[in-house]
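What follows is a set of notes on a single structure, which appears directly below.
The values are calculated or read from the model by the stated rules, or taken from the named source; none is laboratory data. Not measured: the values here are computed from a predicted model. Reconstructed Cβ throughout: ideal geometry from the backbone, glycine too, with neighbour counts over all protein chains shown.
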Amino acid sequence: MDSEIRYSRLSRYAPLGRVLPAWQQSHCVVIGLGGLGSGLSMQLTRFGVRRITLIDRDTVGFENLGHQSLFTTAHAEAGLPKVQAAAGMLAAINPAVELDPQFADLSRHNIRELCAGATLLFDGLDSYFTRYIVNDYALQSSTPWLSAGVVRGELSMRAVVPGVTGCLRCLLPDPPPPGSVPTCSAEGVFGPLLSVANAIQLEQAGRFLAGEFTADDDAMYSLELPDWRIRRLQLNGPAQTCRACSGSYDFLSGRFDQQAAAACSDGRFELELGSAIDIEGLAAGLSAETGWEVRPNRWCLVADHGAERYTVFPNGRLVLSGTQDGSRLNHFAAHWLGL
Ligand SMILES: [Zn+2]
């Protein structure tokens, strides 16, 4: 049997082999297809997970190619949505896996719909604010969440298993202010470390699927280069003072919408025109009259002008990233779309 051979090296490793059937019945949601999400979704595909939902709002750029293992030069040249580029690669690796690519900006408004039916949630997010939304959702829906972060030569990982462990808000009741936390775009990343973070995420998830995850597993893992100091900080379950663990889901309820807008608008601006856009016509106009790099595809049009990237969707949504000047998007809409 093809599948027996395909999974033979995994199943012969007993701790993985005994939980492989559970992996293969699971529905995993990967939130954010950066360096961590790329590696995770590839490993999940090789495990033969039943269904993978991929959620990401960005298109593939050349700056992603140094450390995001699923993307190729052709994807960047075409300006493909990351979820579509990833789905193509993953389907080629293992056609048995059901893939559900969602080209979307995860928010409190759509998280229930996008993550419905998930067995496990994984994140590889740069945005702290979105993590708080995922934290609330994980607790409310009783879905385990394997959260990790890698920046520079530093890794951190924690499993949040509702009813067993504490949560993100137990340790950090409020999101750090925007700009106060190092990001890969500002500080870079040692790409190979991403695989180590993925390994911890998947090992902890497997422990949950095997029914072996207990309160003793509530821990924060961290590793720092250049010393390779791996630390495992034992944590002690839900904090008595934690609002989320007491059932107040402030980030899902919209109590912090204003901070969300501020946190998420950092270098990224959006406009909703409320009417459809002729992508091909716009691409032809931009190509003829600007020296910009213009790449239309099935899902959107990507136009790069220096560091600025305009992404235009046929349904009337415009996104500008790579600048702090949001008025540039209004100029673009006025000039090119007559608004
Ligand atoms: Zn908590």
Condition check: at pLDDT below 95 and farther than 27 Å from Gly322 by Cβ. Does Gly179 satisfy that? no
Filter result (in contact with a Ser or Thr (Cβ under 6 Å, 6 or more places away or on another chain) and outside any helix (DSSP H, G or I)) within segment 81-95: Pro81, Asn94
Which of (1) at pLDDT below 90; (2) out of contact with any Ser or Thr (no Cβ under 8 Å at 6 or more places or on another chain); (3) surrounded by 17 or more Cβ atoms within 10 Å (Cβ to Cβ) is the odd one out, the single condition Cys242 does not satisfy? (1)
Does segment 57-71 contain at least one residue that is surrounded by fewer than 18 Cβ atoms within 10 Å (Cβ to Cβ) and aromatic (Phe, Trp, Tyr)? yes
With (1) of a type in the set (D, E, K, R); (2) touching a residue at least 24 places away in the same chain (Cβ under 8 Å); (3) closer than 20 Å to Phe208 by Cα as the list, and Arg12 as the residue in question, which single condition is left unmet? (2)
Quick one: is Phe190 more than 17 Å from the chain's Cα centre (by Cα), surrounded by 15 or more Cβ atoms within 10 Å (Cβ to Cβ) and closer than 30 Å to Gln324 by Cα? yes
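Would it be correct to say that Ser180 is hydroxyl-bearing (Ser, Thr, Tyr), part of a loop (DSSP other than H, G, I, E, B), more than 16 Å from the ligand (Cβ to nearest atom) and on the phi < 0 side of the Ramachandran plot?
Judged against the criteria, Ser180 is a match.
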Within segment 64-85, track down each residue that is of a type in the set (A, V, I, L, M, F, W, C) and either in contact with a Cys (Cβ under 6 Å, 6 or more places away or on another chain) or touching a residue at least 24 places away in the same chain (Cβ under 8 Å) (or both). Leu70, Phe71, Ala78, Leu80, Val83, Ala85
Checked segment 86-142 for anything among the hydroxyl-bearing types (Ser, Thr, Tyr) and either away from the ligand (no atom under 16 Å from the Cβ) or without any contact (Cβ under 8 Å) to a residue 40 or more places away in the chain (or both); matches are Ser107, Thr119, Ser127, Thr130, Ser141, Ser142
Select from segment 217-250 the residues that are more than 16 Å from the ligand (Cβ to nearest atom) and without any contact (Cβ under 8 Å) to a residue 12 or more places away in the chain and list them in ascending order. Asp227, Trp228, Arg229, Ile230, Arg231
When you scan segment 12-35, do you find a residue that is over 16 Å from Pro101 (Cα atoms), of a type in the set (A, V, I, L, M) and crowded, with 24+ Cβ neighbours inside 10 Å, even just one? no
Ser141 being surrounded by fewer than 19 Cβ atoms within 10 Å (Cβ to Cβ) and of a type in the set (S, T, N, Q): yes
All conditions in (1) modelled with pLDDT under 90; (2) within 16 Å of the ligand (Cβ to nearest atom); (3) surrounded by fewer than 17 Cβ atoms within 10 Å (Cβ to Cβ) are true of Phe256 except (3)
Take the residues in segment 161-175 that are of a type in the set (A, V, I, L, M) and surrounded by 23 or more Cβ atoms within 10 Å (Cβ to Cβ), then tell me which one is nearest to the ligand (Cβ to nearest atom). Leu168
For segment 64-71, state whether one or more residues are among the aromatic types (Phe, Trp, Tyr), under 22 Å from Ala104 (Cα atoms) and either in a helix (DSSP H, G or I) or touching a helix residue (DSSP H, G or I) at 6+ places or on another chain (Cβ under 6 Å) (or both). yes
